[in-house]
Ligand code: UD1
């Protein structure tokens with residue numbers, strides 16, 4: 001098992017260049033499956049989840065070659081299988097994105113159900129209902145979603161649950177509908193930046209999509225798409241993680257290649273806590289306060305609300321605040337796993353249903369802790385950077401799923417940490 005030994009590292013100073021977005025790139029790789037030809041995707045992050053998705057595409061017969069670091073050529077002229085391997089789907093929920101393109105392009109998709117996940121139950125019923133509305137016959141016995149539309153998909157009106165505006169279902173249904181006959185409308189569609197980027201990519205390839213960036217997408221099916229060149233957007237979760245790292249450990253850090261507009265809610269909450277955040281084009285400067293942060297409440301919500309993926313980082317900041325903060329998690333039912341670990345570091349957190357009541361304490365202290373998913377792992381690193389003494393974080397491999405060169409980037413701004421393998425193996429799956 002991989003362990004990360006993190007020592008108190010304050011202050012952090014210097015600059016960090018933000019990589020391409022994990023959640024933005026995965027849908028682009030799936031969307032490229034709709035094109036009978038070559039597509040070039042730039043700013044592809046070098047992370048484990050992208051590797052898993054590329055293995056998935058290759059298992060379906062699609063050619064994927066890096067022309068240079070971060071620049072990927074995908075040639076989906078031939079797709080020779082409609083069966084997604086179970087060992088890849090179980091590693092990463094995002095691989096379910098191949099269902100929509102397989103159905104749209106081949107009229108058939110067999111994709112194992114992703115199953116449970118440590119951050120909560122994560123069904124795919126919205127995706128399946130969308131495929132059915134487009135005319136597919138779906139059977140999900142024996143743990144595999146088998147969808148068939150021998151005479152093609154047909155546009156329809158699809159109404160997603162307004163509480164969540166599911167990111168995954170919006171993308172999968174949009175991908176399936178792009179080559180369908182007729183017009184599809186998706187109501188309560190997600191308008192997360194990653195969905196917008198995927199829609200823009202499809203439009204650049206010839207898809208007819210209206211309402212991009214809103215909660216109603218109208219997709220007029222086209223017969224085929226043409227290949228294009230498109231850059232993945234900067235990773236707002238990585239940027240947010242470094243913003244919180246600076247706020248928690250202290251210091252003055254500049255983030256390069258970010259879209260500050262994608263982080264408005266996070267910037268507001270950090271400013272409320274007393275952190276100085278300056279925006280300058282595609283750069284952000286974070287200057288931590290020398291005082292403890294002020295308590296700040298958050299409620300996670302679909303974009304443009306506060307992102308659930310940064311809730312754990314906010315929880316760490318709140319754990320050091322001068323008063324009590326209330327966090328409300330409305331997206332994933334088990335996303336407070338990290339709080340038990342934070343309590344081992346001295347945090348005072350009580351969970352009641354969707355709420356976490358966080359009473360700030362003056363100082364956290366290093367302790368042995370265990371990460372349960374990619375964002376929990378990052379949050380524990382942030383806690384450790386600002387804690388007194390050394391923290392040993394088990395399951396550090398989770399970081400590699402979503403952060404390119406996380407430790408190297410932190411080292412470059414003054415953080416002190418080392419990774420080691422303790423020789424024990426232990427499997428813990430999180431499909432985030
Ligand atoms: C994506 C992101 C994840 C982020 C989440 C919310 C990727 C690869 N992952 O996950 O990092 O935290 O959006 O912003 O982009 N739901 C159902 N049935 C469905 C689909 C979803 O009940 O068919 C529920 C989920 O259990 C969850 C909520 O809807 O409670 C939102 O999930 P969704 O937006 O679909 O998240 P993902 O696309 O899985």
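Looking only at the stretch 91-110, which residues are more than 13 Å from the ligand (Cβ to nearest atom), buried (at least 22 other Cβ atoms within 10 Å of the Cβ) and part of a helix (DSSP H, G or I)? Write out each step before concluding.
So in the stretch 91-110, the residues more than 13 Å from the ligand (Cβ to nearest atom) come out as 101-110.
Next, only the ones that are buried (at least 22 other Cβ atoms within 10 Å of the Cβ) stay: 101-105, 109.
101, 102, 103, 104, 105 - these are the residues of the stretch 91-110 that are more than 13 Å from the ligand (Cβ to nearest atom), buried (at least 22 other Cβ atoms within 10 Å of the Cβ) and part of a helix (DSSP H, G or I).
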Kindly establish whether residue 32 is surrounded by 17 or more Cβ atoms within 10 Å (Cβ to Cβ) and away from the ligand (no atom under 13 Å from the Cβ). yes
Residues that are in a loop (DSSP other than H, G, I, E, B) and either under 23 Å from residue 295 (Cβ atoms) or touching a residue at least 60 places away in the same chain (Cβ under 8 Å) (or both), drawn from the stretch 368-406: 372, 373, 387, 389, 395, 396, 397, 403, 404, 405
Could you grab the pairs with beta carbons closer than 8 Å, sequence gap of 6+ or different chains, first residue in the stretch 109-137 and at positive phi, second one near the ligand (Cβ under 10 Å from one of its atoms) and at pLDDT 95 or above? none
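Among the strands (runs of 3 or more DSSP E) contained in the stretch 124-233, which hold 1 or more residues that are surrounded by 23 or more Cβ atoms within 10 Å (Cβ to Cβ)?
Fully inside the stretch 124-233 and qualifying: 144-148, 157-159, 183-187, 216-220.
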Within the stretch 323-352, considering residues that are part of a loop (DSSP other than H, G, I, E, B), more than 16 Å from the ligand (Cβ to nearest atom) and at negative phi, the one surrounded by the fewest Cβ atoms within 10 Å (Cβ to Cβ): 323
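Given the options 15, 7, 19, name the one that is farther than 24 Å from residue 366 by Cβ and surrounded by fewer than 19 Cβ atoms within 10 Å (Cβ to Cβ). Outline the logic, then answer.
Values: 7 fails: farther than 24 Å from residue 366 by Cβ; 19 fails: surrounded by fewer than 19 Cβ atoms within 10 Å (Cβ to Cβ).
On inspection, the qualifying residue turns out to be 15.
Modelled with pLDDT of 95 or more, touching a helix residue (DSSP H, G or I) at 6+ places or on another chain (Cβ under 7 Å) and either closer than 14 Å to residue 248 by Cα or surrounded by 15 or more Cβ atoms within 10 Å (Cβ to Cβ) (or both): is that true of residue 320 in this structure?
Values: modelled with pLDDT of 95 or more: yes; touching a helix residue (DSSP H, G or I) at 6+ places or on another chain (Cβ under 7 Å): yes; either closer than 14 Å to residue 248 by Cα or surrounded by 15 or more Cβ atoms within 10 Å (Cβ to Cβ) (or both): yes.
Here the answer is yes, as residue 320 does meet what is asked.
Residues that are without any contact (Cβ under 8 Å) to a residue 60 or more places away in the chain and in contact with a strand residue (DSSP E or B) (Cβ under 7 Å, 6 or more places away or on another chain), at least 1 per element: which strands (runs of 3 or more DSSP E) completely within the stretch 1-81 meet that? Spell out the reasoning first.
Values: elements: 2-7, 12-17, 38-42, 63-68, 71-75.
Counting at least 1 such residues, we get 63-68, 71-75.
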Within the stretch 245-264, residues being more than 25 Å from residue 361 (Cα to Cα) and touching a residue at least 40 places away in the same chain (Cβ under 8 Å) number 8
If we ask which residues in the stretch 159-175 are more than 12 Å from the ligand (Cβ to nearest atom) and more than 14 Å from residue 101 (Cβ to Cβ), their number turns out to be 1
Any idea how many residues of the stretch 191-223 are under 16 Å from residue 100 (Cβ atoms) and out of contact with any strand residue (DSSP E or B) (no Cβ under 9 Å at 6 or more places or on another chain)? 2
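The values are calculated or read from the model by the stated rules, or taken from the named source; none is laboratory data. All values reported here derive from a predicted model rather than from experimental measurement. As a convention, Cβ positions derive from the backbone with ideal geometry for all residues, glycine included, and neighbour counts pool all protein chains shown.
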